[in-house]
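Report on the structure given below.
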Amino acid sequence: MAACGSDGDVPSSSNKNVSETPEKVRQLLSDSIAETDQSISILESPDDSDLPGLPVPCDSANKEAFFSRVETFTSFKWAGMSLELSPLHCAKYGWTNIECDVLKCFSCQAFLCATLHPLQDVNKYKERLAGLQDDLKAAHKKFCFWPDSPCSDRFWSLPLNEPAALLHGMAERFKCLCVLDTQLPVLKQDDLGVMTIREETISLLLQLVEDELKSNTKDDSSVLKSSGDLLPAHVSACVLALSGWTA
């Protein structure tokens with residue numbers, strides 16, 4: 001008669017626990033991964049308005065983003081404003097123009113109504129203007145970086161203390177304008193007189209531009225052709241480049 005407690009008939013409790021352990025581990029890992037995936041999907045859900053938005057990094061050093069904000073201002077939505085509320089000054093503190101006389105912060109999404117009605121009382125008008133100037137910094141939401149970190153004025157100011165940079169910028173604009181050639185407007189002697197620009201000044205500027213362009217080219221050929229047919233185009237390109245225009 002075989003013994004009831006033999007290994008071949010009844011498995012021991014220890015063997016049973018060992019055989020079930022891998023299955024329990026796999027189940028625990030599966031449940032843990034499912035909970036993690038669910039929590040990640042909730043955090044990444046764009047439709048959940050209760051979740052706080054991610055902070056926008058400081059963008060005050062981005063010159064391209066600055067001029068992108070400036071381009072949102074148009075004559076239809078931002079007309080008749082004082083120089084203190086120019087698009088350059090508004091974009092300096094992160095504002096974009098979304099509607100008529102309405103600004104919106106690019107980062108904190110705050111709104112600012114900047115209606116500036118002409119008033120007969122000069123003092124009240126100046127008070128309103130000063131208040132709007134302060135609001136460019138104070139109307140942002142809490143913890144917004146723009147009041148403390150505005151864009152630098154160098155983004156739109158001429159580098160008057162850097163003549164090399166001024167000459168290089170003008171030479172690059174002149175080079176782009178010369179591509180238009182005969183499509184450039186023709187400037188007559190009377191036009192130069194109205195702009196108080198003398199021929200000697202134009203000749204000097206053309207010489208400086210040629211020297212600058214030569215220094216940036218590998219060959220020794222003259223950048224400006226001496227053909228009389230192209231001289232009027234050079235004069236026009238020089239005046240336009242001096243005024244900040246480019247092709």
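The values are calculated or read from the model by the stated rules, or taken from the named source; none is laboratory data. Keep in mind the model is a prediction, meaning the values are calculated, not measured. Glycine also receives a Cβ, built like all others from the backbone with ideal geometry; neighbour counts cover every protein chain displayed. Note: accessible area is taken over every heavy atom of the protein model, side chains too, but ligands, DNA and RNA are not part of it. Shrake-Rupley method; radii C 1.70, N 1.55, O 1.52, S 1.80 Å.
Residues that are under 21 Å from the mean Cα position of the chain (by Cα), under 30 Å from ALA233 (Cα atoms) and either at pLDDT 95 or above or open to solvent by 60 Å² or more (accessible area, probe 1.4 Å) (or both): does segment 157-172 have at least one?
Yes, some residue in segment 157-172 is under 21 Å from the mean Cα position of the chain (by Cα), under 30 Å from ALA233 (Cα atoms) and either at pLDDT 95 or above or open to solvent by 60 Å² or more (accessible area, probe 1.4 Å) (or both).
What are the residues in segment 65-108 that are polar (S, T, N, Q) and farther than 19 Å from LYS126 by Cα, if any?
Once the filter is applied, which keeps residues that are polar (S, T, N, Q) and farther than 19 Å from LYS126 by Cα, segment 65-108 yields SER68, THR72, THR74, SER75, THR96, ASN97, SER107.
Between residues in segment 71-97 that are of a type in the set (Lys, Arg) and residues that are buried (at least 20 other Cβ atoms within 10 Å of the Cβ), which pairs lie under 6 Å by C-beta distance while being six or more apart or on different chains?
Pairs found: LYS77/ASN97; LYS92/CYS151.
For segment 96-136, enumerate the residues that are open to solvent by 80 Å² or more (accessible area, probe 1.4 Å), under 18 Å from LYS77 (Cα atoms) and either assigned to a loop (DSSP other than H, G, I, E, B) or among the charged types (D, E, K, R) (or both).
GLU99, CYS100, PHE106, HIS117, PRO118 - these are the residues of segment 96-136 that are open to solvent by 80 Å² or more (accessible area, probe 1.4 Å), under 18 Å from LYS77 (Cα atoms) and either assigned to a loop (DSSP other than H, G, I, E, B) or among the charged types (D, E, K, R) (or both).
From ASP37, ASP59, ASP31, ASP48, which residue is assigned to a loop (DSSP other than H, G, I, E, B), at pLDDT below 90, farther than 30 Å from ALA130 by Cβ and open to solvent by less than 100 Å² (accessible area, probe 1.4 Å)?
ASP48
Any residue that is at pLDDT below 85, outside any helix (DSSP H, G or I), of a type outside the set (Ser, Thr, Tyr) and within 30 Å of CYS90 (Cα to Cα) - is there at least one of those in segment 236-247?
Yes, segment 236-247 has at least one match.
Looking only at segment 66-95, which residues are open to solvent by less than 20 Å² (accessible area, probe 1.4 Å), farther than 15 Å from LEU132 by Cα and not charged (D, E, K, R)?
Once the filter is applied, which keeps residues that are open to solvent by less than 20 Å² (accessible area, probe 1.4 Å), farther than 15 Å from LEU132 by Cα and not charged (D, E, K, R), segment 66-95 yields only PHE66.
For segment 175-214, what are the residues that are open to solvent by less than 40 Å² (accessible area, probe 1.4 Å), farther than 16 Å from GLY244 by Cα and not acidic (Asp, Glu)?
Once the filter is applied, which keeps residues that are open to solvent by less than 40 Å² (accessible area, probe 1.4 Å), farther than 16 Å from GLY244 by Cα and not acidic (Asp, Glu), segment 175-214 yields LEU192, LEU213.
Filter segment 173-193 down to residues that are modelled with pLDDT under 85 and assigned to a helix (DSSP H, G or I), then give me how many there are.
So the first thing to find is which residues in segment 173-193 are modelled with pLDDT under 85, and the list is 181-182, 186-193.
Now narrow it down to the ones that are assigned to a helix (DSSP H, G or I): 181-182, 189-193.
Looking only at that region, the number is 7.
Within segment 137-156, take every residue that is more than 16 Å from VAL70 (Cα to Cα) and in contact with a strand residue (DSSP E or B) (Cβ under 9 Å, 6 or more places away or on another chain) and give me the one that is surrounded by the fewest Cβ atoms within 10 Å (Cβ to Cβ).
That would be LYS141.
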